[in-house]
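The structure is given below, and queries will be raised subsequently.
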Amino acid sequence: QVQLVESGGGLVQAGDSLRLSCAASGPTFSGYATGWFRQAPGKEREFVAAISWGGLRKHYEDSVKGRFTISRDNAKNTVYLQMNSLKPEDTAVYYCAADMTDQVVDTEGTYDYWGQGTQVTVSS
């Protein structure tokens, strides 16, 4: 069974940085796009960023452009989300998800596999 495991969350102050990781394990699979989503307390889950299998196509939600960078290392089956200049409004549980059709989109229903999430808390 394919599993996605997020790590790297934590409690930081505004202006700090964090790097989240999403590690895939289970039966070997490839050619999938990976997206990051987040859900703040009392709010719906929202798209953050996505990257194609080859790493050439990327898509960001407007509020994180210029602050967050998505990347991947397919040799390690890992996708990263570098988050700089964090703001209190970035506080949320962050989830990664895999899309086996390699679309780089912000639509949750496109993604086939999901991780359990990692908490990011940014204090002011």
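Please verify whether residue 106 is in contact (Cβ under 8 Å) with a residue 12 or more places away in the chain, among the charged types (D, E, K, R), in a loop (DSSP other than H, G, I, E, B) and open to solvent by less than 70 Å² (accessible area, probe 1.4 Å), treating the condition exactly as stated.
On the way: in contact (Cβ under 8 Å) with a residue 12 or more places away in the chain: yes; among the charged types (D, E, K, R): yes; in a loop (DSSP other than H, G, I, E, B): yes; open to solvent by less than 70 Å² (accessible area, probe 1.4 Å): no.
Spelling it out, it is not the case that residue 106 is in contact (Cβ under 8 Å) with a residue 12 or more places away in the chain, among the charged types (D, E, K, R), in a loop (DSSP other than H, G, I, E, B) and open to solvent by less than 70 Å² (accessible area, probe 1.4 Å).
Assess whether residue 20 counts as being open to solvent by less than 20 Å² (accessible area, probe 1.4 Å), over 20 Å from residue 107 (Cβ atoms), part of a strand (DSSP E or B) and touching a Ser or Thr at 6+ places or on another chain (Cβ under 7 Å). Spell out the reasoning first.
Numbers: open to solvent by less than 20 Å² (accessible area, probe 1.4 Å): yes; over 20 Å from residue 107 (Cβ atoms): yes; part of a strand (DSSP E or B): yes; touching a Ser or Thr at 6+ places or on another chain (Cβ under 7 Å): yes.
Yes, satisfied.
For every residue, the table says whether it meets (1) modelled with pLDDT of 95 or more; (2) open to solvent by less than 30 Å² (accessible area, probe 1.4 Å); (3) under 25 Å from residue 89 (Cα atoms).
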| residue | (1), (2), (3) |
| --- | --- |
| 38 | yes, yes, yes |
| 41 | no, no, yes |
| 46 | yes, no, yes |
| 55 | yes, yes, no |
| 59 | yes, no, yes |
| 65 | yes, no, yes |
| 70 | yes, yes, yes |
| 74 | no, no, no |
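The values are calculated or read from the model by the stated rules, or taken from the named source; none is laboratory data. Because the structure is a prediction, the values reported are computed rather than measured. Please note: Cβ atoms are built from the backbone with ideal geometry, for glycine as well, and neighbour counts cover all protein chains shown. In case anyone asks, the SASA skips ligands and DNA or RNA and just uses the protein heavy atoms, side chains included. Shrake-Rupley method; radii C 1.70, N 1.55, O 1.52, S 1.80 Å.
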